[in-house]
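Colleague: Before anything else, here's the structure in question.
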């Protein structure tokens, strides 16, 4: 899933739908020392677990709906991210829900960025 991403560079990666952190862990293991991971999880229980497990200055855990991502990135002084890694359960969502999420995500992805869906 992460093979298309070149982790040798200090990237800003946005992970959405982090869940229990299985992919988060792999991203952090590959993340450049000057890279940054912003992970978004809507469920407070999972978000709190992520904050405890991944106590790393390169990692920011946000507990919110991913559709509010632009607000959070603004607060972090980030305009765009290099890549998006998604663990969102798109298969269980309606077309309207998926569209409303993608409409919010694509504007924050850099022009040559990669969107990877699990």
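The values are calculated or read from the model by the stated rules, or taken from the named source; none is laboratory data. Given the structure is predicted, the values throughout are model-derived calculations rather than measurements. Note that we place each Cβ from the backbone using ideal geometry, even for glycine, and neighbour counts take in every protein chain shown.
Colleague: Pick from 56, 65: which is on the phi < 0 side of the Ramachandran plot and either buried (at least 17 other Cβ atoms within 10 Å of the Cβ) or in contact with a helix residue (DSSP H, G or I) (Cβ under 8 Å, 6 or more places away or on another chain) (or both)?
Modeller: 56
Colleague: Identify, please: which residue in segment 16-32 is under 12 Å from the mean Cα position of the chain (by Cα) and outside any helix (DSSP H, G or I) and is, among those, surrounded by the most Cβ atoms within 10 Å (Cβ to Cβ)?
Modeller: Going through the qualifying residues, I end up with 18.
Colleague: Could you go through segment 97-111 and let me know if any residue there is on the phi > 0 side of the Ramachandran plot and at pLDDT below 95.
Modeller: no
Colleague: Let me ask another. Quick one: is residue 43 under 12 Å from the mean Cα position of the chain (by Cα) and over 15 Å from residue 5 (Cβ atoms)?
Modeller: no
Colleague: Related question: Return the total of residues in segment 103-114 being within 18 Å of residue 41 (Cβ to Cβ) and touching a strand residue (DSSP E or B) at 6+ places or on another chain (Cβ under 9 Å).
Modeller: Narrowing segment 103-114 to residues within 18 Å of residue 41 (Cβ to Cβ): 104-105, 108.
Filter once more, so that each one left must be touching a strand residue (DSSP E or B) at 6+ places or on another chain (Cβ under 9 Å): 105, 108.
Final tally of qualifying residues: 2.
Colleague: Do we have residue 114 as exposed (fewer than 14 other Cβ atoms within 10 Å of the Cβ) and farther than 14 Å from residue 17 by Cα here? Give the derivation first.
Modeller: On the way: exposed (fewer than 14 other Cβ atoms within 10 Å of the Cβ): no; farther than 14 Å from residue 17 by Cα: yes.
No: the conditions fail for residue 114.
Colleague: Which of the residues that make up segment 77-97 are over 14 Å from residue 118 (Cα atoms) and surrounded by 13 or more Cβ atoms within 10 Å (Cβ to Cβ)? Even if it seems obvious, please write down each step before you answer.
Modeller: Going through segment 77-97, the residues over 14 Å from residue 118 (Cα atoms) turn out to be 77-82, 93-97.
Across segment 77-97, the qualifying residues are 78, 80, 81, 82, 93, 97.
Colleague: For residue 91, are the conditions met, namely being without any contact (Cβ under 8 Å) to a residue 40 or more places away in the chain, out of contact with any strand residue (DSSP E or B) (no Cβ under 7 Å at 6 or more places or on another chain) and on the phi > 0 side of the Ramachandran plot? Talk me through it step by step, then tell me what you get.
Modeller: Working: without any contact (Cβ under 8 Å) to a residue 40 or more places away in the chain: yes; out of contact with any strand residue (DSSP E or B) (no Cβ under 7 Å at 6 or more places or on another chain): yes; on the phi > 0 side of the Ramachandran plot: no.
In short, no.
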